[in-house]
1. Is one or more of the residues making up the range 158-178 under 23 Å from I36 (Cα atoms) and acidic (D, E)?
2. Which residue pairs have Cβ atoms under 8 Å apart, sit 6 or more places apart or on different chains, and have a first residue in the range 1-23 that is within 22 Å of D200 (Cβ to Cβ) and a second that is of a type in the set (S, T, N, Q) and in a helix (DSSP H, G or I)?
3. Determine whether the range 14-21 contains at least one residue that is surrounded by 11 or more Cβ atoms within 10 Å (Cβ to Cβ), in contact with an Asp or Glu (Cβ under 8 Å, 6 or more places away or on another chain) and either modelled with pLDDT of 95 or more or of a type in the set (K, R) (or both).
4. Restricting attention to the range 198-209, and to residues there that are out of contact with any strand residue (DSSP E or B) (no Cβ under 6 Å at 6 or more places or on another chain) and touching a residue at least 40 places away in the same chain (Cβ under 8 Å), which single residue is nearest to E149 (Cα to Cα)?
5. Go through the range 58-69 and give me each residue that's at pLDDT 95 or above and of a type outside the set (D, E).
6. How many residues does the range 51-77 hold that are within 16 Å of ligand 2 (Cβ to nearest atom) and surrounded by fewer than 17 Cβ atoms within 10 Å (Cβ to Cβ)?
7. Just checking, how many residues over the range 23-44 are part of a loop (DSSP other than H, G, I, E, B) and touching a helix residue (DSSP H, G or I) at 6+ places or on another chain (Cβ under 8 Å)?
8. May I ask you to say which residue of K209, K146 is assigned to a loop (DSSP other than H, G, I, E, B) and more than 15 Å from the chain's Cα centre (by Cα)?
Amino acid sequence: MDGVTVIDHPLVQHKLTLMRDKETSTASFRRLLREISTLLCYEVTRNLDLTMVRIETPLEPMDSPVLEGKKLVFASILRAGNGLLEGMLDLVPAARVAHIGLYRDHETLQPVEYYFKAPEDLANRLVIVVDPMLATANSAIAAMDKLKERGAKNIRFLCLLAAPEGIERFRAAHPDIPVFTAAIDSHLNEKGYIVPGLGDAGDRMYGTK
Ligand code: PRP
Ligand code: URA
């Protein structure tokens, strides 16, 4: 599908299976999400531009590559996005972080915003938005609207699981934003849950419900 990358690395798929299993404990779910996020981070940053800098090794001077441009921004859609954020920061500790507080109303499935804090200069940075679940896409679309309103121009969206309906709606709303996911599941049920999915990501991460 155009603009959608499925990250089918065997370690990602193995860990995702463990996360889907309803017998997996809260502690294991959280640990697996952190582990899987480093693998996803590796893929979503795979084609970042590099620039050469002059350094001296203990043996001689050389030109060597470093990431080009300003530091990345990782934008976490609260709460569950924080599970992906942690592992991403393990790999890119200098990244700036934005927090977007959204929850979806269980009746209407519409996102309700309760918090937003992001670096000022979003226009000059690559923003990677993270949320484990892309279901109806209402939350992700609202998050992208907000980031664009604040000047972001170069955005990628990283999730763990997506519903085909969500991908279609997201791509229609934000065709300029590529989507990275570990799997595209079968469908959404009547309550807006991804099937077969893994349940409610936030509840499973934090042991709420
Ligand atoms: C979940 C998930 C996404 C959203 C996806 O969050 O983490 O943000 O639902 O659903 P959508 O694509 O239909 O909008 P939730 O609203 O349950 O909040 P939480 O992370 O605070 O638990
Ligand atoms: N949010 C979740 O956490 N899980 C779903 O299946 C859908 C939305």
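1. Scanning the range 158-178, I find no residue that is under 23 Å from I36 (Cα atoms) and acidic (D, E), so the answer is no.
2. What qualifies is L18/S28.
3. yes
4. Step one: filter the range 198-209 for residues out of contact with any strand residue (DSSP E or B) (no Cβ under 6 Å at 6 or more places or on another chain), giving 198-200, 202-209.
Applying the additional criterion that residues be touching a residue at least 40 places away in the same chain (Cβ under 8 Å) yields 198-199, 202, 204-207.
On the way: L198: 32, G199: 31, G202: 26, R204: 32, M205: 30, Y206: 31, G207: 34 Å.
By that ranking, first place goes to G202.
5. As a first pass, look at the range 58-69 and keep what is at pLDDT 95 or above: 58-68.
Listed by number, the residues that qualify are P58, L59, P61, M62, S64, P65, V66, L67.
6. Narrowing the range 51-77 to residues within 16 Å of ligand 2 (Cβ to nearest atom): 76-77.
Still in the list and also surrounded by fewer than 17 Cβ atoms within 10 Å (Cβ to Cβ): none.
Counting residues in the range 51-77 that are within 16 Å of ligand 2 (Cβ to nearest atom) and surrounded by fewer than 17 Cβ atoms within 10 Å (Cβ to Cβ) gives 0.
7. Our first condition is that a residue be part of a loop (DSSP other than H, G, I, E, B); within the range 23-44, this holds for 23-25.
This time we only want the ones that are touching a helix residue (DSSP H, G or I) at 6+ places or on another chain (Cβ under 8 Å), so: 24.
Result for the range 23-44: 1.
8. Working: K146 fails: assigned to a loop (DSSP other than H, G, I, E, B).
Being assigned to a loop (DSSP other than H, G, I, E, B) and more than 15 Å from the chain's Cα centre (by Cα) holds for just one of K209, K146, which is K209.
The values are calculated or read from the model by the stated rules, or taken from the named source; none is laboratory data. Given the structure is predicted, the values throughout are model-derived calculations rather than measurements. In this analysis, Cβ positions are derived from the backbone assuming ideal geometry, glycine residues included, and neighbour counts consider all displayed protein chains.
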